[in-house]
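Asker: The structure follows.
Here, each number is a calculation from the coordinates, and none is a lab measurement. Only a predicted model underlies this, so the values are computations on that prediction, with no experimental measurement involved. Counting neighbours? That spans all protein chains shown, and the Cβs are built from the backbone with ideal geometry, glycine included.
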Amino acid sequence: MKIPWRGPLIVALGILILDRWTKIMIVHSLPQGALVVLTPFLNLVHVRNAGGVFGMGSQGGYRSSFFFIIASLVAIVVIISLLRKLSPKERLVRWSLGAVLGGGIGNLVDRLIYGRVIDFIDFHWEGYHWPAFNAADAAITLGLVLALWGYFGRRVER
């Protein structure tokens, strides 16, 4: 029996593995608060974020982390429900939601282990600084953009 959402689950697993591996490497090789300059616009850092994607809502400390644990669990259930209901023809949306699912689980694992999310990618350009993020955040953001494009793009064309 072919499971139509098997591909998105494989994407989710791949994102989760990449995310866990990169975070484990940072935790074991870079002290918290440390910064390594890689290029004029890219650094590696080791920060712990109690908030959401790109540090949003991090002012609440561990209380906000609890909120994001619950929000992550709800989002994971919603994404799995969507994956089960989407047509196999909606490949881009399904695979993109797989990336969102993998990223969401990756950040949830951090919250459960550390109480916060490990962020380590630090982009900056001519005085503008993007909040530190990780592979899970990138997968969530890119996955959401592609899922929305795949979902609404088809409806606009019709």
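Asker: Helix 6-29: angle to the longest alpha-carbon principal axis of the chain, degrees 0 to 90, nearest 10?
Answerer: Roughly 0 degrees between the two axes.
Asker: Just PHE123, PHE68, PHE133 to compare: in a GNM of the chain, with alpha carbon springs under 10 Å, which one fluctuates most?
Answerer: Highest fluctuation among the options: PHE123.
Asker: Compute the Rg to Rh ratio over the chain from the alpha carbon atoms, using the Kirkwood formula for Rh, and round to two decimal places.
Answerer: Radius of gyration relative to Kirkwood radius: 1.01.
Asker: Most fluctuating residue of VAL109, VAL37, VAL27 in a GNM of the chain with Cα springs under 10 Å: which is it?
Answerer: VAL37
Asker: Need the full-extension length gain, LEU144 to VAL74, defined as separation in residues times 0.36 nm minus the C-alpha distance. One decimal, nm.
Answerer: Gain on extension, LEU144 to VAL74, equals 23.6 nm.
Asker: Now for a different question. Multiply the residue gap between GLU126 and LEU112 by 0.36 nm, knock off their C-alpha separation, and tell me the result in nm, one decimal place.
Answerer: 1.4 nm
Asker: How large is the helix-only mean residue ellipticity at 222 nm for the chain, computed as the sum of -39500 (n - 2.57) over DSSP H runs with n ≥ 4, divided by its residue count, in deg cm²/dmol to the nearest 500?
Answerer: Value at 222 nm, helices only: -21500 deg cm²/dmol.
Asker: Points 7 angstrom from Cα along the Cβ direction at TRP21 and ARG6: gap in nanometres?
Answerer: Once both label points are built, they end up 2.3 nm from each other.
Asker: Under a crude label model (7 Å from the Cα following the beta-carbon direction), how far is GLN32 from PHE152 in nanometres?
Answerer: 3.9
Asker: For helix 61-85, what angle does its Cα long axis make with the longest principal axis of the chain, in degrees from 0 to 90 and rounded to 10?
Answerer: Compared with the principal axis, the helix lies near 20 degrees.
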